[in-house]
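Written out below as structure tokens is the structure these notes cover.
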Amino acid sequence: MSLLNALPNYDTIASLQNEFKNTPEVLVQGILPALDQVLLSQLFPESHILELGCGSGYLAQQLNIRGYKVTGIDASEGMLNHARKNAPESEFILSDIRQFDLPPIFDAALANDVFHFIHNKEDLKAAFKNVYTALKDGGVFVFNIPITDWLHEAAQNNNFNIVNISDRSSLIELFYYKPEDRLWEIKVTGFELIDKNWQRSDTVWLRKDHFLVEVESALKDAGFTQFNYYNTRDFGETEDIACFVCQKASLNAGSGE
């Protein structure tokens, strides 16, 4: 396993991520309806879901409300501190998604805006393999990922900058695309009003767009043979991101029984 790139550092802006990103209102309006279509409608009540890159735990919270059991994994202790408060019914594990090792106890796994920050096929394969191992036979894995085949031209012409502002804080993400590397440099600046003083935090994230064939190959190498993908525009999103739906083969598959 190569592990060539470090994952984004969220610890310095964990409170801002918790305030602005994937809040319950955003999830109810966008992500959850899409998950209902491709995943949740296939699960029984109390199914156990593994969430990669769980962040501040808002998605786990919403899944708990719907009756699901959730285990979340994230590499940021700062984000997990918020997750444990936001979703106290869930279990959370501090780990890099390329390195965790869990037994096959999960009915499903999901990852929202996580694989954007994996930079090569070997690391994708490692993370996919960890998920495959953790799923029960017949378990379903859903994730989204930026695809160069769809985004390369638009990435050079469009403005993807994001600005979030409240009375006491702000979070600014400035996107700079490097077409020769299919890489985004995202400069992140946060401001928080603490004890009547504004405090600034800065970090840089690197996002990589992958070719569709790379993702499909990594899935196959990890053991997934049954998968399909959709364009997230089909679910009302504004960016051409692939949503993959994968299934771990059942032991009886192909046995004729």
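The values are calculated or read from the model by the stated rules, or taken from the named source; none is laboratory data. Computed from a prediction, not measured in an experiment: that's the story for all the values here. FYI the Cβ positions are ideal-geometry reconstructions off the backbone, even for glycines, and counts take in every protein chain you see. To get the accessible areas, we keep the full protein, side chains included, count just its heavy atoms, and leave off ligands, DNA and RNA. Shrake-Rupley method; radii C 1.70, N 1.55, O 1.52, S 1.80 Å.
Which ³J(HN,Hα) values, rounded to whole Hz and listed in residue order, are derived for region 74-89 from phi using the Karplus coefficients 6.51, -1.76 and 1.60 in 6.51 cos²θ - 1.76 cosθ + 1.60 with θ = phi - 60°, glycine and proline given as x?
Each residue of region 74-89 in turn: 8, 8, 10, 5, x, 5, 5, 4, 6, 4, 5, 7, 6, 9, x, 7 Hz.
Under a straight-distance cross-link criterion of Cα-Cα below 19 Å, which lysines are reachable from Lys208, leaving out those fewer than 8 residues away in the same chain?
Answer for Lys208, where 19 Å is the Cα cut-off: Lys121, Lys125, Lys178, Lys187, listed by chain and number.
Roughly how many Å is it from the Cα centre of region 184-257 to that of region 122-177, as a whole number?
Computed from Cα coordinates, the inter-centre distance equals 4 Å.
Work out the charge dipole of region 1-81 with +1 on the Cβ of Lys and Arg and -1 on the Cβ of Asp and Glu about the Cα centre, then indicate which of His48, Gln62, Gly72 is farthest towards its positive end.
His48
Give, rounded to the nearest 20 debye, the magnitude of the charge dipole that region 113-161 has about its Cα centre when Lys and Arg contribute +1 at Cβ and Asp and Glu contribute -1 at Cβ.
Charge dipole of region 113-161: 200 debye, to the nearest 20.
Let's see if you can work this out: charge +1 on each Lys and Arg Cβ, -1 on each Asp and Glu Cβ, no other charges. What is the dipole magnitude of region 140-231 about its Cα centre, in debye to the nearest 20?
Working: 9 positive and 14 negative charges, 48 e Å.
So the dipole magnitude of region 140-231 works out to roughly 240 debye.
Residues of the chain: accessible area per residue at 1.4 Å, in Å²?
Working: 12410 Å² over 257 residues.
Here the residues of the chain average 48 Å² of exposed surface.
Would you kindly derive the ³J(HN,Hα) couplings of region 197-211 from the backbone phi angles with the Karplus curve 6.51 cos²θ - 1.76 cosθ + 1.60 (θ = phi - 60°), listing them in order in whole Hz, with x for Gly and Pro?
Here the 3J(HN,Hα) series is 10, 7, 10, 10, 10, 10, 8, 10, 10, 10, 10, 10, 8, 10, 6 Hz.
Which of the GluC sites (Glu not before Pro) across region 162-223 are loop residues per DSSP, with 10 or fewer other Cβ within 10 Å?
When the GluC sites (Glu not before Pro) of region 162-223 are filtered for loop state and at most 10 Cβ neighbours within 10 Å, Glu180 remain.
Among [x] 18.8, 66; [y] 18.2, 70; [z] 19.0, 59, which one is Rg and Dmax of the Cα atoms in Å computed from these coordinates?
From the options [x] 18.8, 66; [y] 18.2, 70; [z] 19.0, 59, the structure gives [y].
Can you spot the aspartates and glutamates whose alpha carbon is less than 14 Å from Lys85's alpha carbon? Ignore those fewer than 8 places along the same chain.
Output for Lys85: Glu19, Glu77.
Filter the trypsin sites (Lys or Arg not before Pro) in region 134-226 to those in DSSP coil with at most 16 other Cβ atoms within 10 Å of their Cβ, and list the result. Numbers along the way, then the final one.
On the way: sites: Lys136, Arg168, Arg182, Lys187, Lys196, Arg200, Arg207, Lys208, Lys220; in loops: Arg168, Arg182, Lys196.
Counting only loop positions with at most 16 other Cβ atoms within 10 Å, the trypsin sites (Lys or Arg not before Pro) in region 134-226 are Arg168, Lys196.
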